[in-house]
Amino acid sequence: MTLSEEAQDRLADVVELQPTKNSELQERWGMESGSEVHQYLESELGDYYFRDDNSLIRATAEAAELVDVEPGIESDPEGDGVPSKIRVPELQARIVAVVAGPTDRTESVVSVLHKLRAEYDIDPEAEAVRSGLQSLRRKGVVEVEYRTVPTFRLAVEREDLEVAVSD
């Protein structure tokens with residue numbers, strides 16, 4: 001199956017963002033709805049992606065070879081499945097830098113937002129921080145603890161994780 005240039009670019013997004021959800025791809029691709037993303041995946045990229053047990057979108061091994069893009073997540077084969085390298089958007093890289101460490105008390109989205117403001121002099125929307133934390137959770141880098149509100153901390157020591165910023 002020959003892919004158009006647009007389909008190859010979008011497949012590269014799937015490889016880079018995996019595991020991902022319709023909403024992340026919708027935002028990246030500028031689509032109107034998750035349904036539109038699903039239709040595109042099925043019609044254009046059906047041979048190159050699948051949904052895992054948690055219904056998250058993942059690229060096939062063939063897809064990763066076809067687009068020659070580094071996967072968004074790599075794990076040490078000797079490790080316990082926790083990622084050793086991730087490629088994420090800049091906001092998520094900054095979240096990794098400021099969120100509580102694995103032995104610290106978990107913290108709320110608002111706490112992470114305040115740390116981002118203080119450390120980087122940026123003012124992202126709280127929803128963008130929440131979305132970033134959830135994306136990092138799906139990658140296995142951040143864990144969530146449900147108290148009055150969801151709270152987060154790293155699932156891996158900062159020095160054991162290589163973070164690269166994707167375009």
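Does Ser135 satisfy the criteria of being over 22 Å from Leu56 (Cα atoms) and of a type in the set (Gly, Ala, Ser)?
no
Grab the helices (runs of 4 or more DSSP H) fully contained in the stretch 85-167, keeping just those with 1 or more residues being among the acidic types (Asp, Glu), touching a strand residue (DSSP E or B) at 6+ places or on another chain (Cβ under 8 Å) and in contact (Cβ under 8 Å) with a residue 24 or more places away in the chain.
90-98
Every read-out reported here was derived from the displayed coordinates using simple, explicitly stated rules and does not represent laboratory data. Predicted model only: the values in this text are computed from it and were never measured. Here Cβ is always computed from backbone atoms with ideal geometry, including for glycine, and neighbour counts include all displayed protein chains.
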